[in-house]
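Let me begin by presenting the structure, written as structure tokens, before commenting on it.
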Amino acid sequence: MGGVEPHLVVLFGPPAVGKMTVGLELADRTGLLLFHNHMSIEPALKLFPFGSPPFNRLVSSFRDQVFDEVVRGDGPGLIFTYVWALDEAGDRRFIDGLMARFAAKNARVHFVELFASLDERLRRNRTELRLAEKPSKRDVDASERRVLENDRRYRLNTDGDFFYPEHHLRIDNTNREASDVADEIVARRGLPLRKDDRRE
């Protein structure tokens with residue numbers, strides 16, 4: 001990574017909480033690249049079933065290559081969105097490895113947790129942008145069942161007990177616009193604004 005101070009922003013939270021939408025706003029303000037979770041998932045789903053060994057290998061390989069290219073580059077960094085099962089050891093190892101990869105290049109690492117009411121997430125599960133960017137969600141009834149099942153099976157939000165508290169920002173975005181949330185993230189985490197987006 002080059003002359004600017006690079007950043008890694010991990011936007012995490014349950015499905016349909018608004019990670020991609022907030023990520024788009026944040027990328028627009030900062031110039032950080034947005035790599036949302038389904039950019040790796042959707043191509044692999046065209047070939048192999050979700051969770052199958054070849055699916056998992058493809059998703060992992062593509063993510064690794066994107067992370068490597070960002071770390072080797074001279075840009076301002078990356079926004080990565082992720083549904084993080086906080087009680088799953090494999091997810092923790094993946095995130096720890098990602099954090100170490102960027103920290104080794106002197107990047108500042110930020111974990112931004114979004115949470116919202118279930119009713120609001122179910123509404124967002126049917127929004128036009130989500131369905132356009134994530135073809136696997138277009139069967140909205142099946143997608144809704146997965147939202148509910150994920151909530152039952154996994155711990156997808158913290159109670160303020162995060163692994164890296166000094167890097168952590170937790171935001172209730174139930175009744176907030178993505179643009180407002182992005183502004184708060186920039187301000188509270190000290191993210192740089194793009195040169196053409198100075199808002200002083």
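Loop-located trypsin sites (Lys or Arg not before Pro) across the range 26-57 with a Cβ neighbour count of 11 or fewer within 10 Å are K46, with loop assigned by DSSP. Annotation note: GluC sites (Glu not before Pro) in the range 1-107 located in DSSP loop regions with a Cβ neighbour count of at most 13 within 10 Å are E88.
Projecting the Cα positions of F12, L26, I95 onto the charge dipole of the chain (unit charges on Cβ atoms of Lys, Arg, Asp and Glu, taken about the Cα centre) puts I95 furthest along the positive direction. Ordered by the number of other Cβ atoms lying within 10 Å of each residue's own Cβ, fewest first, T174, T21 fall into the sequence T174, T21.
Using a Gaussian network model of the chain in which every pair of alpha carbons under 10 angstrom is joined by a spring, one finds that among Y82, Y164, Y154 the greatest mean-square fluctuation is at Y164.
Using the beta-carbon distance between R145 and A187 and R0 = 35 Å, what value does 1/(1 + (r/R0)^6) give for FRET efficiency, to the nearest 0.05? Calculated transfer efficiency: 0.40. Residues considered: L45, L33, L114. Largest GNM mean-square fluctuation over the chain, using C-alpha springs under 10 Å, is found at L45. From a point 7 Å beyond the Cα of E5 in the direction of its Cβ, which residues of the range 105-120 have a backbone N at a distance under 13 Å? Once the point is set 7 Å along Cα→Cβ of E5, 106-110 turn out to lie under 13 Å by backbone N, inside the range 105-120.
Relative contact order for the chain: 35 percent, from Cα pairs under 8 Å spaced at least 6 residues apart, divided by residue count. The separation of the range 21-35 from the range 75-91, counted between C-alpha centres, amounts to 15 Å.
Assuming R0 = 25 Å, can you tell me the calculated FRET efficiency for the pair N106 and V83, based on Cβ-Cβ distance, to the nearest 0.05? Plugging the Cβ-Cβ distance into 1/(1 + (r/R0)^6) gives 0.35.
Let me make sure I get this right: for the range 40-99, a, b and c are the square roots of the gyration tensor eigenvalues over alpha carbons, sorted descending. Under 1.5 in a/c it's rounded, otherwise prolate if a/b > b/c, else oblate. Which is it? Here the range 40-99 falls in the oblate category.
Each value in this text was obtained by applying a stated rule to the coordinates, not by laboratory testing. What you see is a predicted model; the values in this text were computed from it and never measured. Positions of Cβ are generated from backbone atoms using ideal geometry, with glycine treated the same way; all protein chains shown enter the neighbour counts.
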